[in-house]
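Structure record follows, encoded as structure tokens.
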Amino acid sequence: MNKTQLIDALAARFEGNKKAAAHALESVLDTITREVAKGEKVAITGFGSFEKKVRDARWVRNPRTGERMKAKKTAVPKFTPGQDLKNVISGAKKLPKLTVAKAGSAASAAAAPAAKAASAVKKAGPAKKAPAKKAPAKSAAPADRKSVV
């Protein structure tokens, strides 16, 4: 998969908006690149970590001529995969199915949640009162379970 294909895949998660997907991808890559270039380690939990590794000067061999030459000290990027990524790649862990909106139906997919939200607001009444009553009930239930266990 190349960068364009990755943007297309991300656009499905951004309701078909390729511009937003491209901006998000560019922002993430730029931030990772800048931090690693400064010598910082960028760790994404479950995915992996990026860091700068310095290779010392060493003797190398030119494969064409067989001549030995000296390679200078250089810095290279290093990626270390995280445990979740390793488990998915090895097959030990399954990823959940991805629900992706089609690009052609992005307008209808975006309109459907808006219509549902509008009808829910009409049925529920004022939006501020309904969530406030439900929130304390949900937070109290886990506390009771913890005290019992």
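In straight-distance terms, cross-link reach from K73 covers every one of the aspartates and glutamates whose alpha-carbon lies under 16 Å from its own, apart from those fewer than eight places away in the same chain; here that gives D56.
Pairs from the table (K19/K78; K41/K72; K3/K97) lying more than 26 angstrom apart at Cα are K19/K78. Taken per residue, the accessible surface of region 40-98 reaches 87 Å², heavy atoms only and a 1.4 Å probe. With a 1.4 Å probe rolled over the protein heavy atoms of all chains, the accessible area of L98, L29, L10 falls in the order L98, L29, L10, largest first. Given a 1.4 Å probe and the protein chains as shown, K18 ends up with an accessible area of around 110 Å².
Partner aspartates and glutamates whose Cα lies under 12 Å from the Cα of K38, excluding those fewer than 8 positions away in the same chain, are identified as E51.
The values are calculated or read from the model by the stated rules, or taken from the named source; none is laboratory data. No experiment lies behind these values; they were computed from the predicted model shown. These accessible areas exclude ligands, DNA and RNA; they are computed on the full protein's heavy atoms, side chains included. Shrake-Rupley method; radii C 1.70, N 1.55, O 1.52, S 1.80 Å.
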